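Structure first, then comments.
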Amino acid sequence: MKYILIFFLATFALASCKNSNPAGQKDQVPTDNGGSQDDPDLVAINECIHSFYAWYEANGSALEADFVKYAKHATLDAAKLASYFSVLKKSGYISQAYIDNETADLKNLEATAWKNIEDGPLPGLDYDRFTCSQDMPDWAFWKTAPIAADGLGTDKSMATMSGMEGGSERTQKFEMVKENGKWLIAKILCGTGE
């Protein structure tokens, strides 16, 4: 009798643990850790990042980044900044989250680091914010380097591109978001502080 009771208790415990997610609730649990190169989300993330850099190589020189006015100190020109972000958005690879993140970062620089600068290079704009470098990019790296991603199967992912750029090992991280079923760049992480 004791063994029958233990058997029923064990069966009941296993059955109750089997469906721990209440009906109607759907958790966004990653379906992959970035290892499967044929995962549809990873393929789309690769396509977005590599295509953005192909677009940037072709259009970057025409991308007017002259959205700073110099007077008593450096300030943002709101109309030119909006035009700059409009061109980026039209590329089809940049999310609204990217524009919001960049706008917040530039406004923070304007209020702090640029406060006493009347002329010359500005902190935060003294490097290419897309390649995180002052040097000319190795476009082959940016357009073809392998990408892994965490958070596949959700609407947000952290993508890591790794490979050789200019003879040196390079790793670049991106925050990605899925908007209307399409993966877009939400943030390009430059440096260790981001």
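The values are calculated or read from the model by the stated rules, or taken from the named source; none is laboratory data. Keep in mind the model is a prediction, meaning the values are calculated, not measured. Methodologically, a virtual Cβ is constructed for each residue, glycine included, from the backbone with ideal geometry; neighbour enumeration extends over all protein chains shown.
Condition check for PHE174 on (1) under 17 Å from GLU47 (Cβ atoms); (2) assigned to a loop (DSSP other than H, G, I, E, B): one failure, at (2).
Residues in the stretch 121-160 that are among the β-branched types (Val, Ile, Thr), farther than 30 Å from ALA74 by Cα and not in a strand (DSSP E or B): THR144, THR154. Among the residues making up the stretch 101-120, those that are assigned to a loop (DSSP other than H, G, I, E, B) and of a type outside the set (Val, Ile, Thr) are ALA113, TRP114, LYS115, ASN116, GLU118, ASP119, GLY120. Could you run through the stretch 113-159 and say how many residues are modelled with pLDDT of 90 or more and of a type in the set (Asp, Glu)? Qualifying residue count for the region: 3. A residue that is at pLDDT 95 or above and out of contact with any strand residue (DSSP E or B) (no Cβ under 8 Å at 6 or more places or on another chain) can be found somewhere in the stretch 164-184.
Taking the stretch 96-116 as the range and being touching a residue at least 60 places away in the same chain (Cβ under 8 Å) and touching a helix residue (DSSP H, G or I) at 6+ places or on another chain (Cβ under 8 Å) as the test, the residues that pass are GLN96, TYR98. The conditions of being in contact with an Asp or Glu (Cβ under 9 Å, 6 or more places away or on another chain), surrounded by fewer than 17 Cβ atoms within 10 Å (Cβ to Cβ) and not in a strand (DSSP E or B) are not met by ASP38.
Yes or no, residue by residue, for (1) surrounded by 13 or more Cβ atoms within 10 Å (Cβ to Cβ); (2) of a type in the set (A, V, I, L, M, F, W, C):
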site	(1), (2)
HIS73	yes, no
LYS89	yes, no
ALA97	yes, yes
ASP100	yes, no
ALA104	no, yes
THR112	no, no
ILE117	yes, yes
GLY124	yes, no
TYR127	yes, no
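Each row is one residue, and each column tells you yes or no for (1) charged (D, E, K, R); (2) within 14 Å of the chain's Cα centre (by Cα); (3) assigned to a strand (DSSP E or B); (4) within 20 Å of ASN180 (Cβ to Cβ).
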residue: TYR53; (1), (2), (3), (4): no, yes, no, no
residue: GLY60; (1), (2), (3), (4): no, no, no, no
residue: LYS72; (1), (2), (3), (4): yes, no, no, no
residue: THR75; (1), (2), (3), (4): no, no, yes, no
residue: ALA79; (1), (2), (3), (4): no, no, no, no
residue: SER83; (1), (2), (3), (4): no, no, no, no
residue: ILE99; (1), (2), (3), (4): no, yes, no, yes
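On the given criteria, is TRP55 surrounded by 13 or more Cβ atoms within 10 Å (Cβ to Cβ), closer than 22 Å to PRO146 by Cα and not aliphatic (A, V, I, L, M)? For TRP55, the condition - surrounded by 13 or more Cβ atoms within 10 Å (Cβ to Cβ), closer than 22 Å to PRO146 by Cα and not aliphatic (A, V, I, L, M) - is met.
Taken together, the residues in the stretch 129-171 that are hydrophobic (A, V, I, L, M, F, W, C), farther than 22 Å from SER95 by Cα and buried (at least 18 other Cβ atoms within 10 Å of the Cβ) amount to 1.
Residue-level check: of (1) modelled with pLDDT under 85; (2) within 26 Å of GLN172 (Cβ to Cβ), VAL29 misses just (2).
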